[in-house]
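S.K.: Mind looking over this structure? Questions follow.
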Amino acid sequence: MPSAATAPAAKPAKKALPKPNGDFYQLGEILPPDELALVKQVRAFMEAEVAPVINQYWADDAFPFEVLPKFKALNLGGLGLEGYGCRGGSQKQFGFVLMELARVDPSFATFFGVHDGLAMGSIYLAGSEEQKRKWLPAMARMEKIGSFGLTEPEVGSGTAGGLTTTAKREGDLWVLNGQKKWIGNATWGDVTIIWARDVADNQVKGFIVENKTTPGFSVEKIQHKIALKVTQNGLITLKDVRVPEANRLQAGNSFRDTARVLRMTRYSVGWMSTGCQMGAYENAVAYAQTRQQFGKPIGSFQLVQDLLARMLGNLTACQCLMLRLAQMDDAGQMLDHHASLAKAFCTARMRETVAWAREIFGGNGIVVDSNVARFFADAEALYSYEGTFQMQNLIVGKAVTGLSAFV
Ligand SMILES: Cc1cc2nc3c(=O)[nH]c(=O)nc-3n(C[C@H](O)[C@H](O)[C@H](O)COP(=O)(O)OP(=O)(O)OC[C@H]3O[C@@H](n4cnc5c(N)ncnc54)[C@H](O)[C@@H]3O)c2cc1C
C-alpha cells in the first residue's frame, strides 16, 4: 500500500456547471409572492406536461389535447381580466405567465393568448354587461374556447380600412358574408369573434359566432405551416351566417374598438417573444455545456460564449422593457404606440436570439428533437402576426412625429 506521502493526489471534485437561467436580472424577485407562486406553478406544468410531448405534436401538426384537462385545472382562464369568473390579477402577472408558456412552447402560449386575450378580451373590452355575463364565465372555465377573426385572405395589414367581410342588418338579425384567414383555435374551438364591415355605415363591428352550431359557418385547417404548427389555424368561410343583434358586441362600433383589443394582445406578444428567447437561450446554454468538440465543451470557446452573451443581452433587454410596459399597463398608461414599440422590438430581438441559439446547435439545430428548431421556426409567426414589424413601426412613427405614414 502506498504511504500517505506517496499516494496520488485525489482528483479535484468536478466543478458543477451553472444551471441555464434565462432570468439573469432576477425579474422574478419583483413579483409579489402569490404572483410568483402562480408563475412557478405554470413553469412546473409546462416542464412536466408539455415539454416531454410537444416536439412530436409539432412535427405532426397537431394540438396536444391530452394536456388540456391539467391545463384547465390551473384555473388560468381570464387571467388579467376582472370579474365574470375570470382569474384576474395584474397585467404584470399575465405577462409573466405568457412568458413562461412560450419559454416551453410558443404555440401553446399562442393558443392561450388567442383564447384569453383576443377572444375573451374582445368581449371584455367591447361587450355589454349582459354579454360579459353570458359568455365570459364559461370561457374563463375553458369550457368554451375562443378565436378571433379579423384577418382575411386578401386583407392583413390593411384591416383598419379594408375589411371585405360584410355585415348586413335584417331586423333583429345580422347576415355575415366573407372569409377569415389564419384564425387560431378555430378548427376546434367553440366561439369566434368575427369582425365585419357594416354595409350601412361602413364601420367595423364585432360579432360573437358559435362555430359548431351556426349554419353557413365552416372552417378549413391551414396546412403545411412551418411555424406554430401546434396552434391550429383555420380559414373560416361565412356564407349567409345569421347572428342575432344580441351577439353584436354592443360597445364595439368602429375599428378603434378592435384596436383596443390589439393593443392588449400586442403587449402579450411582447412577453411571448421574450419567453421564446428564454427557451431558446436556456437550451443553447445546456447544449454548449455538454456538446464536445476538439476535446472540450463548445461552451468553452470564446466565439460560442460571445453568441450566448448576445442572446442574453437581447433577452434581458426585452424582459426589462416588458416589465416597464407592464407597470404602465397596470397604471392604465399603456397606449397603442407603447404596445407597438414593444411588439416590434421584442420580436425583432427574438429573431436574432433564436437564430444564434440554432447556430450553437450546429447541424442538430435543424432537427425538431433538439429543442431549438421549434423556437427558431415559431419565431417567424410571432414576428408577423398581431401586426407586422412594419405596421408596429408605422404606429410608433406616427406617435413620435405627429405625422401619419399610413396610406
Ligand atoms: C400563425 C399565424 C396566426 C395568426 N392568427 C390570427 C388570428 O388568430 N386571427 C387573426 O385575425 N389573424 C391572425 N393572423 C394573421 C396576422 O395577423 C397577419 O398575418 C398579419 O397581420 C399580416 O398580414 P398578412 O399576412 O396579410 O401580410 P400583408 O399585410 O400582406 O403584408 C405582407 C408584407 O408587406 C408589408 N406591408 C404591408 N403594408 C405595408 C405598408 N403600408 N408599409 C410597409 N410595409 C407594408 C408587411 O409588413 C409584410 O411584411 C395570424 C397569422 C399567422 C401567421
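S.K.: Pairs LYS40/LYS225; LYS134/LYS205; LYS19/LYS144; LYS72/LYS212; LYS225/LYS343; LYS134/LYS343: which are spaced more than 28 Å apart, C-alpha to C-alpha?
M.R.: As for pairs spanning more than 28 Å Cα to Cα, those are LYS40/LYS225; LYS19/LYS144; LYS134/LYS343.
S.K.: Over 23 Å apart: what share of the alpha carbon pairs of the stretch 95-199 falls there, rounded to a whole percent?
M.R.: Of all Cα-Cα distances in the stretch 95-199, 34 percent exceed 23 Å.
S.K.: If you average the C-alpha positions of the stretch 77-155 and of the stretch 206-240 separately, how far apart do those two centres end up, in angstrom?
M.R.: 17 Å
S.K.: ³J(HN,Hα) across the stretch 299-307 via Karplus (A = 6.51, B = -1.76, C = 1.60, θ = phi - 60°), whole Hz, x for Gly/Pro?
M.R.: For the stretch 299-307, the Karplus-derived couplings read x, 8, 8, 4, 5, 6, 4, 4, 5 Hz, x marking Gly and Pro.
S.K.: Taking a temperature of 25 °C and a viscosity of 0.890 mPa s, what whole-number D in µm²/s does Stokes-Einstein yield for the chain with Rh from Kirkwood over alpha carbon pairs?
M.R.: 110 µm²/s
S.K.: Quick one: Karplus J couplings for the stretch 230-245, per residue in order, coefficients 6.51, -1.76, 1.60, θ = phi - 60°, nearest Hz, x for Gly and Pro?
M.R.: For the stretch 230-245, the Karplus-derived couplings read 6, 5, 8, 10, x, 9, 9, 10, 10, 10, 6, 6, 10, 10, x, 3 Hz, x marking Gly and Pro.
S.K.: Another question about this same structure. Can you compute log10 of I(q)/I(0) for the stretch 231-306 with the Debye formula, treating each Cα as one identical point scatterer, at q = 0.25, 0.27 Å⁻¹?
M.R.: -1.13, -1.17
S.K.: Let me ask something else. Could you tell me the largest-minus-smallest coordinate of the C-alpha atoms of the stretch 192-288 on each of the three principal axes, in descending order and whole angstroms?
M.R.: Principal-axis extents of the stretch 192-288 (Cα, largest first): 60, 29, 19 Å.
S.K.: Also, I was wondering about something else. As a test of the formula, what do you get for the chain when each DSSP H run with n ≥ 4 contributes -39,500 (n - 2.57) and the sum is divided by the residue count, at 222 nm and rounded to the nearest 500 deg cm²/dmol?
M.R.: -15000 deg cm²/dmol
S.K.: Can you give me the P(r) profile for the stretch 266-344? Cα pairs, bins 5 angstrom wide beginning at 0, each as a whole percent.
M.R.: The percentages, shortest bin first, are 3, 15, 22, 17, 12, 10, 9, 6, 4, 2, 1, 0.
S.K.: Amide H neighbours of TRP174 under 5 Å, at least 5 residues apart or on other chains, H built in the peptide plane: list them.
M.R.: For TRP174, whose amide H was placed from the backbone, the distant partners under 5 Å are VAL243, GLU245.
S.K.: Accessible area, 1.4 Å probe, largest first: how do ARG260, ARG374 sort?
M.R.: Heavy-atom accessible area, descending, gives ARG260, ARG374.
S.K.: Please list the non-local residues whose amide H lies under 5 Å from the amide H of GLY78, H modeled 1.01 Å from N, same-chain partners needing a gap of 5 or more.
M.R.: For GLY78, the qualifying residues are ARG87.
S.K.: Let's test this: bin the Cα-Cα distances of the stretch 46-113 at 5 Å from zero up to the farthest pair and state each bin's percent.
M.R.: 4, 15, 27, 25, 15, 9, 4, 1
S.K.: Moving to a separate point now. Debye sum, Cα scatterers, the stretch 314-394, no solvent: what log₁₀ I/I(0) at q = 0.21 1/Å?
M.R.: The Debye formula, applied to the Cα set alone, gives -0.94.
S.K.: Could you report the stretch 214-319's accessible area per residue, 1.4 Å probe, as an integer in Å²?
M.R.: Each residue of the stretch 214-319 exposes 42 Å² on average to a 1.4 Å probe.
S.K.: Let me ask something else about it. Tell me, Kirkwood radius of the stretch 1-129 from alpha-carbon pair distances, in Å?
M.R.: Evaluated over the stretch 1-129, this radius sits at 17.6 Å.
S.K.: Stokes-Einstein D for the stretch 262-311 at 4 °C, 1.567 mPa s, Kirkwood Rh over Cα pairs, in µm²/s?
M.R.: 105 µm²/s
S.K.: Also, quick follow-up: For the stretch 259-407, list log₁₀ I(q)/I(0) at each q in 0.09, 0.14, 0.19 Å⁻¹, using the Debye formula over Cα point scatterers of equal strength and ignoring solvent, two decimals each.
M.R.: For the stretch 259-407 at q = 0.09, 0.14, 0.19 Å⁻¹, log10 I(q)/I(0) is -0.33, -0.68, -1.02.
S.K.: Which whole-number percent of Cα pairs in the stretch 74-150 have a distance greater than 18 Å?
M.R.: Counting pairs separated by more than 18 Å, the tail of P(r) holds 34 percent.
S.K.: Work the Kirkwood hydrodynamic radius out for the stretch 152-244: mean of 1/r over every pair of different alpha-carbon atoms, inverted, in Å.
M.R.: 13.6 Å
S.K.: In the chain, carbon and sulfur make up what percent of the accessible area (probe 1.4 Å)?
M.R.: Taking all protein chains in place, the chain shows 56 percent carbon and sulfur surface.
S.K.: Now for a different question. Counting only heavy atoms of protein chains, what accessible area per residue, in Å², does the stretch 28-140 have with a probe of 1.4 Å?
M.R.: Accessible area per residue, the stretch 28-140: 35 Å².
The values are calculated or read from the model by the stated rules, or taken from the named source; none is laboratory data. Given the structure is predicted, the values throughout are model-derived calculations rather than measurements. Side chains are part of the model used for accessible areas, which takes the heavy atoms of the whole protein and leaves out ligands, DNA and RNA. Shrake-Rupley method; radii C 1.70, N 1.55, O 1.52, S 1.80 Å.
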